[in-house]
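One structure is given here, and the rest of the page talks about it.
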Amino acid sequence: MLKLKKIHHAAIICSDYPRSKDFYTGTLGLKVLAENYRPARDSWKLDLQLPDGGQVELFSFPGAPPRPSYPEAQGLRHLAFVVDSVEGSKAVLEQQGVEVEPVRVDEFTGKRFTFFSDPDGLPLELYEN
């Protein structure tokens, strides 16, 4: 039987590489592991690390179509990040000019969560530990 252990990384394609790099490293505070330009694809690949070892890969591809978010399309719905305090994290993001939805409570787990978007409208979630 296949035994998956954890998610290693999530890959994101952005429309404006410098803007998204600033958002994921500056606003969200993810650590840069590696940054590589791939001339054959005219593409950047930025490897970012979360404190638990998980990673986010940020790609730029010229001419990539926008992601349909509303109404929600099939496929990956959002990325969720664990935080100790949803309210505190929400406040930090809002101080940096990020629009954050009101905090809600998961009806099944009782945990608090909220959503915000990256520069390309990709839904991101903060989920309280």
> Between the stretch 6-26 and the stretch 36-105, how many Å separate their Cα centres?
Replying inline: 6
> Is the shape of the stretch 61-129 best called rounded, prolate or oblate, per the rule: a/c under 1.5 gives rounded, else a/b larger than b/c gives prolate, else oblate, with a ≥ b ≥ c the square roots of the Cα gyration tensor eigenvalues?
Replying inline: oblate
> To the nearest 0.05, what FRET efficiency results for Leu79 and Lys3 with a Förster distance of 30 Å applied to their C-beta separation?
Replying inline: 0.80
> Hey, any idea what the orientation-averaged projected area of the convex hull of the stretch 9-62's Cα atoms comes to, in nm²?
Replying inline: 3.4
>> Just want to confirm a number: the relative contact order over the stretch 1-68, from Cα pairs under 8 angstrom separated by 6+ residues, in percent.
In response: 37
> Classify the chain: rounded, prolate or oblate, from the alpha-carbon gyration tensor (a ≥ b ≥ c, eigenvalue square roots; a/c under 1.5 rounded; otherwise prolate if a/b is larger than b/c)?
Replying inline: prolate
>> As a test of the formula, what do you get for the chain when each DSSP H run with n ≥ 4 contributes -39,500 (n - 2.57) and the sum is divided by the residue count, at 222 nm and rounded to the nearest 500 deg cm²/dmol?
In response: -3500 deg cm²/dmol
> Got a sec? Which residues in the stretch 1-32 would a label at Glu72 touch, if it sits 7 Å along Cα→Cβ and we count backbone N under 19 Å?
Replying inline: 11
> To the nearest 0.05, what FRET efficiency results for Asp22 and Glu101 with a Förster distance of 25 Å applied to their C-beta separation?
Replying inline: 0.70
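A short reminder: the numbers here are calculations on the coordinates, not readings from a lab. Since the model is a prediction, treat every value here as computed from it, not as a measurement. Cβ atoms come from the backbone with ideal geometry, glycine included; neighbour counts cover every protein chain shown.
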